[in-house]
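Reading through the structure tokens given below for one structure.
The values are calculated or read from the model by the stated rules, or taken from the named source; none is laboratory data. Keep in mind that what you see is a predicted model, and the values were worked out from it rather than measured. Don't worry about glycine lacking a Cβ; one is built from the backbone with ideal geometry, like all the others, and counts go over all protein chains shown.
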Amino acid sequence: MLAFVAVFVAQRTRAPERLLVVETAAPTKAETSTPGPSKTKGPTRTATVRPTNTSTPTFVATNTHTPTSPTFTPVPTVTPGGLVDPHLDAPLCTDLHDNSLFHTLWDGARDCHYDHEHGQMDFNAAAEFFGVDLQQFTGQEISYPWQTIGPTGCLENDCKHEGYKWTFQTSNEDPCVAGEIGPNGTDGFAVEFHARGNGHEHLTRVHSSFIAVTVCNPQGQRGVLVTGGWQDYGQRVSSYQSEDILALSGQPDPAYRGLLSPYLSLDCYDDTGNQADDCGTKFIHSGATWVSRPQAREMIDCCHKVAQLLFRSRDPHQWVNGSSRFLLDAQTFRWVCGVETYNPVGCRGNNTTVRIHQVFGDVPEAWDSLDGAVDGLVTWQGYTDRWGNVVEGCEQAGLDCVPIYLQNVPVGGFSSTFDNEVPASSPEALPERDIYFCSSLPCTEGDFGAVSSGWIGAEN
């Protein structure tokens, strides 16, 4: 296990030795194949908060001012001098692929494309924006030491690498105004989360994450929170905002209303020929919404204690067959492109619009004294377990030794607002990252005659 060194890490540093983390339906029963900080199964749900920690790492801030927000281009149709623009006959990037490095769909330097992409991120801009380099916490651009492991025993970044996505935005609707949780709001975030677009991924309840967010309030108090760990997406339901809970082992027990979070919703397809009203009516293609915020009373002790997520996709690869939704562990799926087998040619159902829309969380009032001053603001760094409970004695990043950093963060609940005037599943809310072509020339998704590249594989 590689010792966690809390210093500036170069972008192409090799990944640290990764801990094996069990990805299970019931997170409290998860185990690791590498010993964690204790020999008991699962994390301890309560932690004693102390103002000092001799193992506290030092994370290096890169600036002390508020930077200018960068501008992003969703699709790299125009590249800087010396790079090649996308073209339809470009080959697949066949060189040895480094699972620790971020990339988009197109590689203009090598004149080739990948069969997956990792969202939208600029690490230099993020370091300037947050005033701290995020890679010193993770050790690499993609994945982290607290990654999960699938039921076959394979590491998340080895078997499900394509599912890692980044969303980086420098502000949000109504900056510093609380959304669904208060009293504090947010003003920009960078989140690495995990979610592939195929149906079986939607049946997995627990996924990993890494979150940096500006927490602030209308009074002008603002600070940066960086944390990581696991997200529990609770009940799996179909379709969106319905009471139809999928018949699956490992669902929360007791069950709760399907309209309440945490939930993971997947649109269904009416494969019976009866045109059921609740299948395939909300989205043009298939859609998915994931929320890890513990809203249901039955899940009040669930989920990450410090930060949770809401993300959406308007184009996952699959939707669930309506006739199998209520048969225990019998869910079957239909490909949006190809029906029985995936057909990537011109396919828009390829999970290239999945994106974080909201960040929620809470900085406990008990943490106010961690920096020795009870003033409603927390400046402190240390470690938590996978669920955000403070732990002591950690000397390296791992499953239950996740680095956490707070710089001038207001105490209390916080949440992002989202522009409700823009439909949640619209291209404006979920911009496309696939590359489209019009008569063999790069164009945008909405242009007349635009056709998807067909480069995206089934695991994106």
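Quick look at the numbers
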| quantity | calculated |
| --- | --- |
| Total residues in the stretch 434-449, condition surrounded by fewer than 17 Cβ atoms within 10 Å (Cβ to Cβ), in contact with a Cys (Cβ under 7 Å, 6 or more places away or on another chain) and under 28 Å from T341 (Cβ atoms) | 1 |
| Among (1) small (G, A, S); (2) touching a Gly at 6+ places or on another chain (Cβ under 9 Å); (3) crowded, with 19+ Cβ neighbours inside 10 Å, the one test that G382 misses | (2) |
| Residue count, the stretch 140-159 (criterion: over 19 Å from H103 (Cβ atoms) and among the polar types (S, T, N, Q)) | 2 |
| Verdict on P175 being surrounded by 19 or more Cβ atoms within 10 Å (Cβ to Cβ) and of a type outside the set (F, W, Y) | no |
| Given (1) of a type in the set (S, T, N, Q); (2) modelled with pLDDT of 95 or more; (3) in contact with a Lys or Arg (Cβ under 8 Å, 6 or more places away or on another chain); (4) over 26 Å from L155 (Cα atoms), index of the condition N389 fails | (4) |
| Boolean, V409 is outside any strand (DSSP E or B) and hydrophobic (A, V, I, L, M, F, W, C) | no |
| The stretch 348-371, residues that are buried (at least 22 other Cβ atoms within 10 Å of the Cβ), assigned to a loop (DSSP other than H, G, I, E, B) and at pLDDT 95 or above | N350, N351, T352, T353, V354 |
| In the stretch 136-161, the residues that are assigned to a helix (DSSP H, G or I), charged (D, E, K, R) and either closer than 23 Å to E395 by Cα or touching a Ser or Thr at 6+ places or on another chain (Cβ under 6 Å) (or both) | E156 |
| Residue match in the stretch 439-459 (condition: without any contact (Cβ under 8 Å) to a residue 40 or more places away in the chain, out of contact with any strand residue (DSSP E or B) (no Cβ under 6 Å at 6 or more places or on another chain), closer than 20 Å to F311 by Cα and part of a loop (DSSP other than H, G, I, E, B)) | no |
| Residue that is modelled with the lowest pLDDT [pool: residues in the stretch 112-151 that are surrounded by fewer than 19 Cβ atoms within 10 Å (Cβ to Cβ) and in contact with a Cys (Cβ under 7 Å, 6 or more places away or on another chain)] | G150 |
| Residue match in the stretch 162-176 (condition: under 30 Å from D253 (Cα atoms), among the aromatic types (F, W, Y) and either under 17 Å from the mean Cα position of the chain (by Cα) or part of a strand (DSSP E or B) (or both)) | yes |
| Residue among R325, R334 that is under 22 Å from W290 (Cα atoms) and buried (at least 21 other Cβ atoms within 10 Å of the Cβ) | R325 |
